[in-house]
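The values are calculated or read from the model by the stated rules, or taken from the named source; none is laboratory data. All values derive from a computational prediction rather than experimental measurement. Cβ atoms come from the backbone with ideal geometry, glycine included; neighbour counts cover every protein chain shown.
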Amino acid sequence: MGTGEFGTTDPAPLYETHDGGAFWSPITGFDGPTPAGLCGMHVVNDSTVVAVGRVRGPAFFTRTTDRGQTWQSVDMSAYAAGLIDVYFTHPDSGFAVGLTDTEHERSRGIVLKTTDGGATWTPRHTSTRTGEWAWKLSFPSRRVGYVSLQRNSQTPIFFLKTTDGGHTWQEKLFTTNYYFVQGIGFITETHGWIGGNSSSPVYATTDGGETWHTERLRPRLNRFRFLGDSLGYAVGRSVHKLANWTSTPAEPVPEAPTLWLYPNVPNPFTAQTTLRYDLDAPGTVDLAIYDALGRRVRTLVTGRQPAGLHTIPWDGTDDAGRPLPSGVYFSRLRTASALHARALILRR
């Protein structure tokens, strides 16, 4: 946690082990400012790990892309007062959650998204009530995700849910009674749990958070983590292990692939602009530029592409390489199941 939080005096925000946890050594020499503390961490793949902190601020984002040999750190105070949890769907795309103010009574919960590995971030949701911190993230699938909202006092209590891969978020009612929410975890899109820092019971849902019932687990759970679809852990004052879990099969619902076309940068532009789009599954893509009369003037991408984030530059020319005149143009991204469009302004 770093110094100045919960009475700690150790300035090291991060440790590493090479012997399964028998011995730990501090990480030093961050590329960027040393984080004041780290609260949430996510292992993205076998080389990339991301982390954020800290509760009550200041806000930092930290990342390694070489299995922990080096760590990069970014001051996130321009985006949030503090960060508590992080989750990446891809080495370059992910979410961080936290608070807009270090004073809980003035704060709102905030969800941030990055598509460039944490270099820049965009707010995706800010809670509508003061007195909240966005506390923990859980994405049981690329399409569906949840965020717990901690509230120190007053009611009702809400949580956040997305069904479109984090592009938009809904505030969902958890309870009208007071509950000091902390951990949230979903093992499927519909089956999950909420725990908190109080003697109140743990709650479970089997319908995606529409209804909740008490669960026979010890209280005060701050983190849920699932490894696959049958193994999970819940930790806080105690540790629980969920093993060989099975769910009653539901009627399968076909999923439309998540597709998102981000605003081009810069916009307006003179010489060149960059288009970015995100695919949650491989598929055939058509990305083209249209003028204000609806005429297709430039084909940027056509064909099958893998899942993930894609970046395409456009220099303001047509298919023949001729410079187009100043004006409003439209980028249109189409797959077999979805269509997105954005306006672009070209200034010569």
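Residue count for segment 198-242 under the criterion of being assigned to a strand (DSSP E or B) and polar (S, T, N, Q): the result is 3. The strands (runs of 3 or more DSSP E) falling completely within segment 100-197 that include 3 or more residues that are touching a residue at least 60 places away in the same chain (Cβ under 8 Å) map to 132-138. Could you list all residues from segment 272-295 that are within 16 Å of Asp319 (Cα to Cα) and loosely packed, with under 14 Cβ neighbours inside 10 Å? Matches in segment 272-295: Gln272, Gly294, Arg295.
Which of the following residues is buried (at least 16 other Cβ atoms within 10 Å of the Cβ) and under 16 Å from Arg216 (Cα atoms): Gly185, Gly166? Don't jump to the end; show me each part of the working.
On the way: Gly166 fails: under 16 Å from Arg216 (Cα atoms).
Residue meeting the stated conditions: Gly185.
Can you work out which of the residues in segment 308-317 that are surrounded by 12 or more Cβ atoms within 10 Å (Cβ to Cβ) and without any contact (Cβ under 8 Å) to a residue 60 or more places away in the chain is nearest to the chain's Cα centre (by Cα)? First the steps, then the outcome.
Applying the first criterion (surrounded by 12 or more Cβ atoms within 10 Å (Cβ to Cβ)) to segment 308-317 yields 308-312, 314-317.
Subsequent filtering for residues that are without any contact (Cβ under 8 Å) to a residue 60 or more places away in the chain retains 310-312, 314-317.
Values: His310: 18, Thr311: 19, Ile312: 23, Trp314: 28, Asp315: 31, Gly316: 32, Thr317: 35 Å.
The qualifying residue nearest to the chain's Cα centre (by Cα) is His310.
Among residues of segment 284-307 that are touching a residue at least 40 places away in the same chain (Cβ under 8 Å) and assigned by the TED database to the domain that holds Arg332, those with a Cβ under 6 angstrom from a residue that is surrounded by 12 or more Cβ atoms within 10 Å (Cβ to Cβ) and of a type in the set (S, T, N, Q), sequence gap 6+ or separate chain, pair up as Val285/Gln305; Val285/Thr335; Asp286/Thr302; Ala288/Thr299; Ile289/Ser331. Within segment 48-72, the set of residues being of a type outside the set (A, V, I, L, M, F, W, C), at pLDDT below 95 and within 18 Å of the chain's Cα centre (by Cα) comprises Gly53, Arg54.
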